[in-house]
Amino acid sequence: MIQYLPTPEATVGATLPKLLQKGFFVKFTDAWPDTLPHVMGKFFKVARVNEVNQDLSYILPSNDYRDVDFSNQTGGVNLYPENTRTLYEVALGFKPGNYQVQFYIPAGEFVNRLEQAGMTPDVTVVARKYLGAFKPEDSPYEDKRILLYFVKDLEPLIARTFVDTGQGPVAVPNIAFEKCVLGVTVNKCYLEEMKTPTAEQLARAKTLSYYSELRW
Amino acid sequence: MPSLAQVMSPGLTHVFAVEKQNAKIIPTQIIVDNEAGGAQRVITIQDVFIPAVSNGVPIPVLTTVPRLIITVDNAGWATIAAEALKELEILGQLRADIDVADPGTFVTISWGFK
């Protein structure tokens with residue numbers, strides 16, 4: 001559901017496209033809830049794709065944040081599909097700046113946390129401000145490394161976009177600001193269900209885990 | 001890369017570029033020609049924008065941040081090239097203000113985007 005592609009240490013042989021292409025296979029794990037029956041435990045072939053670019057831009061004050069809701073609900077940026085046969089593979093990258101992003105799904109539930117009690121991201125606590133945070137250099141605008149997978153009716157994914165301190169004196173009216181530009185490529189994938197995939201197709205498929213599988 | 005020259009009159013504020021929503025404006029050259037000016041002049045490069053709604057500021061207001069102040073002697077020039085400007089970022093509208101409107105003062109700014 002959420003995947004981070006680290007910088008490769010070496011490249012061997014033919015390169016593979018970063019995004020899903022026509023003819024690729026995807027498998028949704030059984031952990032997807034029965035509230036999403038159109039994908040839970042199912043296997044699909046990508047019938048066709050269409051890449052759509054979008055930029056999200058926010059000027060924010062330092063030591064402050066904005067929760068960017070990727071879903072189609074009121075106040076969201078409408079990056080979720082409306083068709084049960086559509087998968088949105090979203091590549092996310094950032095233009096340079098003094099800011100960072102932490103993910104929640106649904107609102108209030110951190111994607112990235114550690115096992116020690118209380119080790120959850122919190123931009124208001126100095127010791128945990130950078131916990132689970134992605135900075136612009138982690139996923140550059142020109143080389144997007146964060147992949148998100150959205151299907152119809154998935155719970156809202158929230159990107160807490162936080163401008164760090166160090167921008168200058170926080171004194172009205174010349175409070176310090178940063179411009180956060182989130183570059184998005186929505187790879188629209190139209191899915192065809194395959195009831196009885198072969199062992200080879202299963203082995204080649206990209207497995208899409210539900211976000212609950214990322215938190216243990 | 002766009003470039004624009006303006007006479008610093010009438011009025012004290014002169015817009016050079018409106019905000020490019022998905023980029024910062026990076027001035028690459030600023031020239032202030034005060035050769036025919038009436039006196040020493042002070043030019044302020046302003047960054048003007050309305051921030052987005054944030055957790056701490058639910059109703060943002062128009063904000064003006066001075067990014068660079070240039071004092072030019074009477075009958076003088078000032079040229080600031082890209083090397084000195086490369087870290088100067090304008091988040092919103094690029095505006096040049098003058099302390100006193102002067103038909104003998106000219107400001108030329110070139111800029112790009114990041």
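The values are calculated or read from the model by the stated rules, or taken from the named source; none is laboratory data. Because the structure is a prediction, the values reported are computed rather than measured. Cβ atoms come from the backbone with ideal geometry, glycine included; neighbour counts cover every protein chain shown. Just so you know, the surface numbers come from the protein's heavy atoms only, side chains and all, with ligands and any DNA or RNA stripped out. Shrake-Rupley method; radii C 1.70, N 1.55, O 1.52, S 1.80 Å.
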*asked:* Using only the Cα atoms of chain B, what are the Rg and Dmax in Å?
replied: 14.7, 49
*Within a Gaussian network of chain B (alpha carbon springs, distance under 10 Å), most fluctuating of B:Arg67, B:Arg41, B:Arg95*: B:Arg67
*With all protein chains present, calculate the accessible area of A:Ser71 using a 1.4 Å probe and round the result to the nearest 10 Å².*
10
*State to the nearest 20 debye the size of the charge dipole of the protein assembly as shown about its Cα centre, where the only charges are +1 on K and R beta carbons and -1 on D and E beta carbons.*
1000
*In Å², what does the accessible area per residue of the range B:31-114 work out to with a 1.4 Å probe?*
47
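Can you tell me what share of the DSSP beta bridges in the range A:7-156 is antiparallel? A percent to the nearest 5 is fine.
Within the range A:7-156, antiparallel bridges account for around 90 percent of the total.
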*From the square roots a ≥ b ≥ c of the eigenvalues of the alpha-carbon gyration tensor of the range A:94-184, which class results: rounded (a/c under 1.5), prolate (a/b over b/c), or oblate?*
oblate
_As a test of the formula, what do you get for chain B when each DSSP H run with n ≥ 4 contributes -39,500 (n - 2.57) and the sum is divided by the residue count, at 222 nm and rounded to the nearest 500 deg cm²/dmol?_
-500 deg cm²/dmol
*Probe 1.4 Å, all protein chains present, accessible-area order of A:Phe24, A:Phe134, largest first*: A:Phe24, A:Phe134
*Under a 10 Å cutoff between Cα atoms, tell me which one of A:Leu202, A:Leu147, A:Leu87 has the largest fluctuation in the Gaussian network model of chain A.*
A:Leu202
*In nm, to one decimal, how far is the A:Glu142 label point from the A:Ala31 one, both placed 7 Å along Cα→Cβ?*
3.6
*Given springs between every Cα pair under 10 Å in a Gaussian network model of chain B, which of B:Val72, B:Val57, B:Val32 has the largest fluctuation?*
B:Val57
*Pick out, from A:Tyr141, A:Tyr211, A:Phe28, the residue whose Cα sits farthest towards the positive end of the charge dipole of chain A, with +1 on the Cβ of Lys and Arg and -1 on the Cβ of Asp and Glu.*
A:Phe28
*Based solely on its DSSP helices, what 222 nm [θ] is calculated for chain A when runs of n ≥ 4 H residues each add -39,500 (n - 2.57) and the sum is averaged over all residues, nearest 500 deg cm²/dmol?*
-500 deg cm²/dmol
*With a sphere of radius 15 Å drawn around the Cβ of A:Val39, what net charge do the other residues whose Cβ falls strictly inside it have (Lys, Arg +1; Asp, Glu -1)?*
-2
*Please sort by residue number the GluC sites (Glu not before Pro) in the range B:34-90 whose DSSP state is loop and whose Cβ has at most 16 other Cβ atoms within 10 Å.*
B:Glu35, B:Glu87
*Total Å² of accessible surface buried at the A-B contact, 1.4 Å probe, nearest 100?*
1500
_Percent accessible area from carbon and sulfur atoms, the protein assembly as shown, protein chains only, probe 1.4 Å_ = 54
*Could you name every residue in the range B:21-55 that has 50 Å² or more less accessible surface in the full protein assembly than in its own chain alone (probe 1.4 Å, ligands and nucleic acids excluded)?*
B:Asn22, B:Lys24, B:Ala52, B:Asn55
